[in-house]
Amino acid sequence: CEIQTAIDSFPSGDEDNTFTGNVNNEINGNWISAPTGSIHEARLKAKVKRRLRKNSSRDSGRGDSLSDNGDVVRSVVPPTSPKGKLLNRRSRMGKGRGLPKKGGAGGKGVWGSPGEVYDEDEVDVKDPNYDAEQNCVYETVVLPLDGETFEKTVTPIVQEYFEHGDANEVAELLAELNLGSMRGDVPMLAVSLALEAKASHRELTSRLLSELCGRVLTAADVEASFHKLLKELPDLVLDAPGAPQMLGQFIARAVADNILPKSFIDGYKGRVDSEYARSALDRAAVLLRMSRWTGLRFDSLWGSGGGQRPVNQLIKEVNLLLKEFLLSGDTVEAERCLRELEVPHFHHEFVYEAVIMVLESKGDRTLQMILQLLKSLCASTVITVDQLRRGFERVYLDMADLSIDVPCAYSLLEQFVEQSFNAGVIDKKLRDLCPCRGRKRFISEGDGGRLKLSSY
């Protein structure tokens, strides 16, 4: 600006030439002696310098300079613009590898280096601003559950427990809730859901009550829940007709697990008005007497789920079911017992044992009864097509060993398979897979008595 002002103030014409010949011009703060034609060059240099200063903040990473002839020279000199220095986070010490200062943890709006975890600030007692009375401690407050929220929150927890069977997970979830006055309703809700569920779920419920007592619940909570259950039995019977008997088994199991006092049943003597409550207490008293006199084990009172039983025990129960059916002939009862086993993946064993029983009996009555049972179970989809096929194929594979104990096993199997196909129990493809026993034939006397094995 100073150069432009000085140049503009020069006179024109001859006075300009005379003045420029004798006057020293100032360029960038330095007075230099300039000839007549150098004024125009000074103007160009000043214009380029102004342009460089204007663009220094825009291109702060490059060190641009001006040569003597007015050309812009690129150099590696770091920028000198204050704004460029603020934007550049590299170390200005001239050391290191050019990494950001403080590992990228410095600068405005930066909360530290990536991955850094800050601990809670400890209160310094020696701090001049420390005040013991105004020191606040913030904690998470969980509101207690009311009746409606309690049922919506705890019911899914119990239903999921019926699927995975992990009592520790249920205890941890309940410990996170502020049950408050609803703590005593947890056993009541679990037992109410179990009354409408399977026998294996009732066994899981008994185990759950035993696990929760002492961790989440107290003995007083469990006792109060069973008192409420006895009072609400008339309503529970509407949904579960066998509720009195099942509640009596729950009470007996709780007494055996030491989560209910032994005086619980005695405290109701002579003070029971409800017929359902009296039936439940009588059932519990009978089971407790049986445990003392006959050694009844309460850990198998409800039985265990099919997936938790050993295979040998399941095979024994299947054989017992088939023998009871052959004596009674009650197809409905046999179907109910098979459902209660809760082993749909193991129904091929039922089919296998049923066919083996037909081969070993050698009688037409057993064949007709087993055929009627299989037809009924397939029609009600208790036994699936896949399980039925696997059962018959297992019999086909074991025929070589079965024929040792039962010589006429092949003929009996062919007869049973043919009647099963006619009754619509199996399809044509499964019938054609039935093995046939080969017979020995002499070719001729001239063949030296050799034997030819052929099948028919």
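The values are calculated or read from the model by the stated rules, or taken from the named source; none is laboratory data. Note that the structure is predicted; figures quoted are calculated from it, not measured. Neighbour counts run over all protein chains shown; Cβ positions are idealised from the backbone, glycine included. The protein model used for the area step is the full one, side chains on, heavy atoms only, and it has no ligands, DNA or RNA in it. Shrake-Rupley method; radii C 1.70, N 1.55, O 1.52, S 1.80 Å.
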Cα gyration tensor category, rounded, prolate or oblate, for region 200-246 with a/c compared to 1.5: oblate
Residue-level accessible surface for D405, protein heavy atoms, 1.4 Å, Å²: 120 Å²
Residue-level accessible surface for R278, protein heavy atoms, 1.4 Å, Å²: 100 Å²
How long are the semi-axes of the ellipsoid equivalent to region 147-300, from square roots of 5 times the Cα gyration tensor eigenvalues, in whole Å, largest first? 24, 17, 15
Here the FRET efficiency for K126 versus R215, based on Cβ atoms and R0 = 56 Å and rounded to 0.05, is 0.85
Ordering Y352, Y161, Y130 by accessible area with a probe of 1.4 Å, largest first, what comes out? Y130, Y352, Y161
Potential extension, V141-E393 segment - 0.36 nm per residue separation minus Cα distance: 84.4 nm
Order T140, T155, T384, T205, most accessible first, counting only protein heavy atoms with a 1.4 angstrom probe. T140, T384, T155, T205
Pull out the extension gain between E340 and C436, defined as 0.36 nm times the separation in residues minus the alpha carbon to alpha carbon distance; nm, one decimal. 30.9 nm
Per-pair calculated FRET efficiency, R0 = 25 Å: L238 and T153 via Cβ, rounded to 0.05: 0.50
Probe 1.4 Å, all protein chains in place: accessible area of R437 in Å², nearest 10? 120 Å²
